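One structure below.
Here, each number is a calculation from the coordinates, and none is a lab measurement. Quick caveat, the model's predicted, so the values are computed rather than measured. Cβ placement follows ideal geometry from the backbone for every residue including glycine, while neighbour counts extend to all protein chains displayed.
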Amino acid sequence: MPAITKTYKNEKGMVLPLGLMFLAIIAILGTTAVIVTTTDLKIGTNYKLSKQAFYVAEAGIQRAANALKAGASNGFDDELLGSDGSSGTSDDGILSFGSSVNFGDGTYAVQVTDNNDDGDLFSDLDNKVIITSTGTVNNASKTIEAVYYYRKVKVDGALGIYGTNPAVELSGGSEIDGRDYNVPPDFDCSGAGCTATLAGGAPAEPGIYAEEAITQVGLITDETDPKQNVFGDPPVDEDGGGEGSVSDWQNFANSLTPDLTVDSATEGT
């Protein structure tokens with residue numbers, strides 16, 4: 001019996017090319033997904049490190065501001081010159097805590113420069129300097145610049161009364177003192193333990209300053225009286241002519257920023 005056979009026409013093998021094409025598409029999509037995911041992770045990590053570096057740099061600004069505040073009474077020339085006191089050397093503008101400080105997961109580098117108010121980068125006349133702090137965490141870094149301004153305030157008296165009809169009444173053990181005192185070494189003191197000692201060399205300010213005659217109750221200004229409770233040079237100044245005013249002190253109070261404390265094992269406060 002003859003065999004039955006069937007002949008197919010147009011046998012071009014489309015299944016294999018189609019299968020390979022689908023595999024290629026899947027491979028491309030998979031590779032793209034991996035690349036996108038990896039890129040997103042890198043972006044997220046870089047953003048996190050960038051923010052950390054910014055906060056580390058900000059910590060350097062605050063550390064420098066505290067150091068400048070502590071030494072501001074004699075100007076900023078010594079900070080601009082560095083510890084060797086000479087210009088044009090590697091420690092110019094480097095503060096007492098050093099050029100690089102570990103902080104958290106990174107480091108900050110701080111340098112102080114003059115705002116060049118007088119053409120001399122190592123002589124400051126306007127009590128303004130520029131703090132530049134660079135925070136680095138891994139390979140991320142951020143740099144912050146801040147202008148530090150030390151404002152010297154002329155005090156007319158330990159107690160200044162601005163306006164009309166001034167009146168002061170003292171009773172009990174109250175005292176008003178315009179003389180300069182050394183700060184107590186222990187800030188956790190209380191009561192008599194907070195008694196400070198007079199500082200030598202500093203001029204005394206008036207105990208009470210007013211722009212016109214004061215209505216006084218209980219004020220004892222006689223230096224020979226053991227119960228004297230108002231001290232200064234003079235104890236009471238009622239002549240006016242001071243350098244301050246209500247608006248001056250209000251503007252000064254508005255310009256103040258709260259003290260910030262940076263706590264860590266290496267930073268102190």
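Approximating the spin labels as points 7 Å out from Cα along Cα→Cβ, the SER123-to-THR31 distance works out to 6.8 nm. Computing FRET efficiency as 1/(1 + (r/R0)^6) for GLU238 and LYS152, where r is the C-beta to C-beta distance and R0 is 25 Å, gives about 0.50. Fully extending the segment from ALA192 to LEU170, taken as 0.36 nm per residue of separation minus the present Cα-Cα distance, adds 6.0 nm. When each of ILE94, ILE220 is scored by the number of other beta-carbon atoms lying within 10 Å, the sequence from fewest to most is ILE220, ILE94. Look at TYR55, TYR47 and count the other Cβ atoms within 10 Å of each Cβ; fewest to most, that gives TYR47, TYR55.
Reported to the nearest whole Å, the Cα centre-to-centre distance from region 133-190 to region 83-120 is 26.
Of all stretches in the chain that contain no GluC sites (Glu not before Pro) in a DSSP loop with at most 11 other Cβ atoms within 10 Å, the longest one is 12-222. With the biggest extent put first, the Cα atoms of region 15-152 measure 89, 29, 26 Å across the principal axes.
Full extension of the chain between TRP249 and ASP105 gives 47.7 nm of extra length, using 0.36 nm per residue less the Cα-Cα distance. Placing unit charges on each Cβ (+1 for Lys and Arg, -1 for Asp and Glu) gives the chain a dipole about its Cα centre, and among THR195, ALA33, TYR108 the Cα reaching farthest toward its positive end belongs to ALA33.
For region 15-152, a simple Cβ point-charge model (Lys and Arg +1, Asp and Glu -1, everything else neutral) yields a dipole of about 1000 debye relative to the Cα centre. Working from Cα pairs under 8 Å separated by at least six residues, relative contact order for the chain is 14 percent. Sorting LEU95, LEU23 from the fewest to the most surrounding beta carbons within 10 angstrom yields LEU23, LEU95. For the chain, the C-alpha radius of gyration sits at 1.94 times the compact-globule guess of 2.2 N^0.38 Å, with N the residue count.
With contributions of -39500 (n - 2.57) from each DSSP H run of at least four residues, the per-residue ellipticity at 222 nm computed over the chain stands at -9500 deg cm²/dmol.
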